[in-house]
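Some notes on the structure that comes next.
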Amino acid sequence: MYNLVLFRMLCRTGLISLELLTKSHRAQLEILVALKAGRSDFLLMDNSISSSHLAEIYMNMRCKNLSCRVLLPVDECDCRVCSRKDGFCSACMCLVCSNFDMASNTCSWVGCDVCLHWCHTDCGIRESYIRNGINASGAPGMTEMQFHCVACNHPSEMFGFVKEVFLNFAREWKFERFCKELEYVNKYFIKQRL
């Protein structure tokens, strides 16, 4: 408990610098990064990540996702999400909850056609970023399911996205995974219209 209080005090004072972190003992650095990131996997690592990368993760200069670890902001993005959420990685984090997972080739994430930022399907539905919108053709009275990007507010149509995921990846899925993907389709198109 004392260490946690000391850690919080150090964070508030601004005494922790990149230089100080790179010179600190490796075990101390791993503990600091694990505490700040709220992830115990930093304590269970081998030495495949350099101390300088750990220090950059602590300072929110590098992504805390051990499978990503890109420099932040990604592609020097200055959108309203990347510029406001310290440590946010647009390559692998959800625009709404800022969490990441290793899911790929799935409908559990939805992306923006323009800025390529991503959102968990469940987060997008819960916060109404996935909703009916005016059809891109502009035909009067025609609507389609769209993902309205949190970062750039661009509406991306959902049918083409879902179709592409199923055409490209469904052959690789086992039965349970296929059923899970169909649940996302149901969330997108059936439940949202009710």
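Note the full-extension length gain between ASN99 and SER83 as 0.36 nm times their separation in residues minus their Cα-Cα distance, in nm to one decimal. Numbers along the way, then the final one.
Values: separation 16, 0.36 × 16 = 5.76 nm, distance 1.66 nm.
Working it through step by step, the gained length comes to 4.1 nm.
What order, most packed first, do the peptides 57-65, 147-155 have when packing is the mean number of other Cβ atoms within 10 Å of each residue? Walk me through the intermediate numbers first.
Numbers: 57-65: 20.7, 147-155: 19.0.
My ranking of the peptides, most packed first, is 57-65, 147-155.
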> Given 25 °C and 0.890 mPa s, how large is the Stokes-Einstein diffusion coefficient of segment 109-193 in µm²/s, with Rh as the Kirkwood radius over Cα pairs?
Replying inline: 183
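Over all pairs of distinct alpha carbons, what does the Kirkwood formula give as the hydrodynamic radius of the chain, in Å? Intermediate results must be reported in sequence, preceding the final value.
Values: mean 1/r = 0.0529 Å⁻¹.
Value: 18.9 Å, from the Cα pair sum.
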> Whose amide H sits under 5 Å from the amide H of TRP109, counting only residues 5 or more places off or on another chain, with H placed in the peptide plane?
Replying inline: THR121
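Kindly give the semi-axes, whole Å and largest first, of the ellipsoid equivalent to segment 88-131, taking each as the square root of 5 times a Cα gyration tensor eigenvalue.
14, 11, 11
Remind me, relative contact order of the chain in percent, using alpha carbon pairs under 8 angstrom and six or more residues apart? Walk me through the numbers on the way to the answer.
On the way: 230 pairs, mean separation 24.0, N = 194.
The normalised contact order for the chain reaches 12 percent.
Using helices alone, what [θ] at 222 nm do you get for the chain, with -39,500 (n - 2.57) per DSSP H run of 4 or more residues, divided over all residues and rounded to the nearest 500? Display every interim value, and only then the final one.
Numbers: 7 runs with 67 residues, N = 194.
Helix contribution divided over all residues of the chain: -10000 deg cm²/dmol.
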> Of VAL81, MET145, LEU71, whose Cα points farthest to the positive end of the dipole of the chain (charges on the beta-carbon: +1 Lys, Arg; -1 Asp, Glu; origin at the Cα centre)?
Replying inline: VAL81
>> Between GLU176 and ALA27, what is the label-point separation in nm under the 7 Å Cα-to-beta-carbon projection?
In response: 3.9
> Going by alpha carbons, how many degrees (0 to 90, nearest 10) lie between the helix axis of 175-185 and the longest principal axis of the chain?
Replying inline: 70
> How far is it, in nm, from the label point at VAL114 to the one at VAL185 when both lie 7 Å from their Cα along the line to the Cβ?
Replying inline: 2.9
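Only the coordinates and a few stated rules stand behind these numbers; no lab work does. Small disclaimer: the values here were computed from a predicted structure and weren't measured. Every residue, glycine as well, gets a Cβ built from its backbone with ideal geometry; the counts of neighbours run over all protein chains shown.
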